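The block underneath contains the structure these notes are about, expressed in structure tokens.
Computed from the coordinates by the stated procedures, all read-outs in this text should not be read as laboratory data. Predicted, not measured: the structure shown is a model, and the values here were computed from it. Cβ atoms come from the backbone with ideal geometry, glycine included; neighbour counts cover every protein chain shown.
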Amino acid sequence: MPIGRRQPEISGPVTGGDRGWPFAASMLDVATLGYEEQEYFISGDAFRYRQTPGTEWGHDGRWRVEPAGNAAFKTRLLVYRPRDAAQFNGTVIVTWNNVTAGYELFGTDSLEIFEGGYALVCASVQKVGIVGLPPVRQGLAAWDATRYGSLSIPSDDYSYDIFTQIGEAVGPSRDASSPDPMAGLAVARVVAQGASQSAGRVGTYYNAIAPLERAFDGFVLCIYFGRGTAIEVGDAVVNINEPGVTGDPLRGANLLRDDLDNRLFIVNSELEAISCHAVRQPDSDTLRWWEAAGMCHVSRQSSAARQLMSNRDGLVTRPTNPHINAVPITPLYDAAFFHMHRWLSDGIAPPIQPRIVFNEEQPPSVVRDADGIAIGGIRLPQVQVPLAHNSAISLGQDIYSYLGGCSRPFTATEARRRYGTRDAFLAQFEQAARAAVDAGVLRPREIERLTREAAAVWPD
């Protein structure tokens, strides 16, 4: 533990409150999958950091920081762990909860996590997650004041060290005396994961904090725009609802440093591939960089799943455009978790995948086929055997349109001209799904589910 920081205190499991359940808890019946869902509070002192004087915040990502003060905090971690120690695979995934919506978002419905025997820890490390955003405050403290009213993060400047402390609290060298969020499980490795805004913060963590702290063995950055976030923001918070915010600033600005021995996995849709084009990095002994054609930052399916959670938790949400992209990226996240676990535990490197093809224009743009679908990249069956044009092409100028891309279903005439019959289409689709499994980008459990979904959208 760094000098000047006291040992954090863990309390819990947390129960009760006005609602009686944790905010954004899994929609799955995790008990039937052999898992426990428990919430804990962690409190103590956290460092904030500053750029080390005389160093550059350079393009190469080799950033140097130093502690610049500390403050008290109290926050939560939502834990999913196997009830039976024999089911545990030794890997804990610590998710940096995303607060862009003004409340916390994180993935707790991954069958790879529950069927694969991982532990999942959802970490509340940013101020907005607790206090929310105006005009409708939907942070933890407003959602359930009785349960969460004592939580406090003074600034996002402290988020990086809070994340470290949560990683340490569930890691192999933790103080396993009661209460132990891992309930005595033999943790062998800890993986940090973040998506979207959280991927930018985990990217900064990787570049600036990981050389100082060894809380994490691997890092998975999902839908990452190729730029870290500031190490010092003071009272500023993330708010994409401010007037004039568009997707234009979301362009890659820095590399991820290449001098660490941690394993690093990037999983991007077509949209982030466009943003990251100038900062693409080659696959290496420690890096895998995946780009998926025909996908976008947000999908119709992920929005629908999020809406179910929002309805249960009584959240006010924005209506979803029915024409946004309809190819979810979440199956790739499951594949990345699988490969990261094997990479760290058995030394089996993930498969290298083709990148999306760009032309030589300035700025470079995606090369597309006759259907307007990106060429190259990872091609899940919905893209390889399409029933629609799906892409990251925006339907509008606002940030939500930018993140949603678009989907234009084929007409019945177009589908029959291409495939003949529904059965012929499904045969090709299933073959493509099996090929994706063989390529390592899809888990076998997805073949039946995706084929069933494809059958439901065949145009009559």
ask   = FRET efficiency for residue 342 and residue 36, Cβ-Cβ distance as r, R0 = 30 Å, nearest 0.05?
value = 0.75
HN-Hα J in Hz across the range 44-58 - Karplus 6.51, -1.76, 1.60, θ = phi - 60°, x for Gly and Pro = x, 10, 10, 6, 10, 10, 9, 4, 4, x, x, 10, 9, 8, x
remark   = Cβ-Cβ cut-off under 12 Å around residue 145, Lys and Arg +1, Asp and Glu -1: the net charge is +1
note = Loop-resident trypsin sites (Lys or Arg not before Pro) in the range 1-63 with no more than 14 other Cβ atoms inside 10 Å, DSSP not H/G/I/E/B, are 6
remark   = Given the candidates 426, 269, 225, the one whose Cα lies deepest towards the positive end of the charge dipole of the chain, counting +1 at each Lys or Arg C-beta and -1 at each Asp or Glu C-beta, is 426
task = Sort 393, 274, 166 so the one with the fewest other Cβ atoms within 10 Å of its own Cβ comes first.
result = 393, 274, 166
request  = Please tell me the relative contact order of the range 314-435 in percent, rounded to the nearest whole number, where contacts are Cα pairs under 8 Å and at least six residues apart.
outcome  = 23
Helical segments meeting 30 Å axial Cα length and Kyte-Doolittle 1.0 threshold in the chain (DSSP H) = none
request  = Among DSSP beta bridges whose residues both lie in the range 9-260, state the antiparallel percentage, nearest 5.
outcome  = 60
ask   = Can you pull out the trypsin sites (Lys or Arg not before Pro) in the range 328-384 that DSSP calls coil and that have at most 13 other Cβ atoms within 10 Å?
value = none
task = Sticking with the crude label model, points 7 Å out along Cα→Cβ, report the distance from residue 240 to residue 174 in nm, one decimal please.
result = 3.1
ask   = Once Lys and Arg get +1 and Asp and Glu get -1 on their Cβ, which of 287, 131, 116 lies farthest toward the positive end of the dipole of the chain?
value = 131
request  = Out of all DSSP beta bridges with both ends in the chain, state the antiparallel percent to the nearest 5.
outcome  = 55
remark   = Cα-only Rg/Rh for the chain with Kirkwood Rh rounds to 0.95
Taking 37, 414 and counting other C-beta atoms within 10 Å, the order from fewest to most = 414, 37
Contact order normalised by residue count of the range 9-260, Cα under 8 Å, 6+ apart, percent = 22
task = Starting with the fewest neighbours, write out 83, 76, 416 ranked by other beta-carbon atoms found within 10 Å of each beta-carbon.
result = 83, 416, 76
remark   = Projected onto the charge dipole of the chain (unit charges on the beta-carbon of Lys, Arg, Asp and Glu, signs +1, +1, -1, -1), the Cα from 253, 35, 347 with the largest positive-side position is that of 35
task = Hey, can you grab everything whose amide H is under 5 Å from the amide H of residue 68? Only 5+ residues off in sequence or another chain; H modelled, so Pro and N-termini drop out.
result = 48, 49, 50
request  = Note down the relative contact order for the chain as a percent, whole number, built from C-alpha pairs under 8 angstrom at least six residues apart.
outcome  = 12
task = Take the range 9-260, compute every pairwise Cα distance, and split them into 5 Å bins from 0; I just need the percent in each bin.
result = 1, 6, 13, 18, 20, 17, 13, 7, 3, 1, 0, 0
request  = Quick one: dipole size for the range 418-460, taken about the Cα centre, charges +1 on Lys/Arg Cβ and -1 on Asp/Glu Cβ, in debye to the nearest 20.
outcome  = 80
ask   = Given the rule -39500 (n - 2.57) for each run of at least 4 DSSP H residues, summed and divided by the residues of the chain, what is its mean residue ellipticity at 222 nm, to the nearest 500 deg cm²/dmol?
value = -7500 deg cm²/dmol
